[in-house]
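Below: the structure, in structure tokens.
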Amino acid sequence: MNTTFHDRRVTIIGMAREGTALARFLARGGAKVTVSDTRGIAELADEIGQLAGLPIQCVLRGHPPDILNTDVVFVSPGVPREVPILRQAAARGLPLSSETELLFDLCPAPIIGITGSSGKTTTTTLIGGMLKTDRRRRVWVGGNIGKPLIEDVAGMRPDDWVALELSSFQLEHLRRSPHIAVLTNVRPNHLDRHSSYEAYKEAKSHILRFQSADDVAVLNWDDPESRDFAALTQGRVRWFSHRERLPEGTFVDDHGAIIVQHGGETLRICSVEQVALPGSHNLENLLAAVSVAAAVGISPAAVARVATSFRGVEHRLELVREHRGVRWINDSIATSPDRTIAALHAFSTAGEPQTGPARGGMVQVEECTGQRIVLLAGGRDKHLPMDEMAREIMTHVKHLVLFGESAPVIQQAIESARAQANGSGRAVALTVCRTLEEAVAVADEVAESGDIVLLSPSGTSFDVFKDFESRGQRFKELVRAL
């Protein structure tokens, strides 16, 4: 695709974070930019403010046909290609692109792309931290995490590193793969957006499907779906596992040490007991990051410093406060049942990796005896299976507090799980609330000293909030006001 846009007409469909950044970048490069969104001025006040002073036309509350009087159409990740305006664009033969595709076209530095059904942001942040220990090279971290990097591309150099988090929405129409592709895991997700699980997996596969023999794919040996993806890459595969000792790859040995074994060389990073992040799911994320760091030559000592000091990302098993002996945990990132299951295991299962004392806002994992978890769950349903989560709730949760649109769906899943167990499953106290505010108030009433109140919704935030960050922030405000 022609990447010179001076005096060219450009239409951007979708005015979210990527669309807004792309509009600024293209307008400053001399393009004639039109941005179109189905939302109105009140909902897009922040985004419109970010475009102030630039010659950009904003078309709101719909996509009229005349916005296709353009040379190229850029599509924001949240916009399905099946919407009528994009079908019309395709019928006219207009080229369709995205901020991510343009970044791949323009970026002079090697890209490390990270995707997965869960763990993307933590893994991306870890990789960025490890790369930054090599002060000879600049590191750019962004994509689905933080901010789009298209506005930074002019300042990038060939000897920099780019750590780019990629969602399935960003990948589904991308026909380029990064130099190093990291796949944390593959499980059903976003089935409210993708037509099927197979379509979702196909989107994820693009992170490595277009690699060459000079590229690297970092894959999760413990995840059966990820193993299947190995056949799709032409690159060299580096495996990681927290369950098995691998002949080649990154793993935990019999003494609890994180080991990288590659090309006849064995590197010891640190012991699992020294790792600051809680939960076995985060151990997987760390092993993926260690694999990347080893592949690009970061020293074991530098990798260990990050592994033993990094305590997590906001809204991911984040300790908000301890109040009257009750720990309040913000896991608003949990927008799927799998993530909620991982959170329950982090606080309920013996044998999880233990960490040092809670510092820097992240929580120490400890074995809990009995059911001491008050779980706050709800939000908007993504049409994902909930049967396994329901069984885990019956095993680990003391009191379930539901809120939001998906409350009836989760309640039905709990009732079905009990019926399948012929009534033998443990009864879980359950309260249904209308709002997050009510849910926090109920949790404050029922929680006792020694309990954990865990916000791990299993659904998206879009029934009430702009995004999971906004939901997490509101939860923290409510908890701090108790």
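What follows draws every value from the coordinates through simple rules; no lab data is involved. Source: prediction; values computed, not measured.
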For the stretch 180-193, Karplus-derived ³J(HN,Hα) couplings (6.51, -1.76, 1.60; θ = phi - 60°; whole Hz; x for glycine and proline) come out as 10, 10, 10, 10, 6, 5, 9, 9, x, 7, 6, 6, 6, 10
Of the candidate values (1) 25.3; (2) 23.3; (3) 26.8, the one computed for mean projected area of the Cα convex hull in nm² from this structure is (2)
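Given the chain, what percent of its DSSP beta bridges are antiparallel, to the nearest 5?
Values: 16 of 74 bridges.
The answer is about 20 percent antiparallel.
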Karplus-derived 3J(HN,Hα) from phi for the stretch 266-276 (6.51 cos²θ - 1.76 cosθ + 1.60, θ = phi - 60°), whole Hz, x at Gly and Pro, runs 10, 10, 9, 8, 6, 8, 4, 4, 7, 5, 7
For the stretch 313-325, in residue order, the Karplus 3J(HN,Hα) values (coefficients 6.51, -1.76, 1.60; θ = phi - 60°; whole Hz; Gly and Pro = x) are 10, 3, 6, 10, 6, 8, 6, 7, 5, 10, 10, 6, x
Beyond 27 Å (Cα-Cα) in this structure, taken from LYS147/LYS201; LYS120/LYS476; LYS32/LYS132; LYS120/LYS382, we find LYS32/LYS132
Percent antiparallel among DSSP beta bridges confined to the stretch 101-309, nearest 5, equals 25
If amide H atoms are modeled at 1.01 Å from N in the peptide plane, then the residues at a separation of 5 or more from SER97, or on another chain, having amide H under 5 Å from its own are VAL73, PHE74, VAL75
Computed, not fitted: 222 nm per-residue ellipticity of the chain from DSSP H runs ≥ 4 (each -39500 (n - 2.57)), nearest 500, equal to -9500 deg cm²/dmol
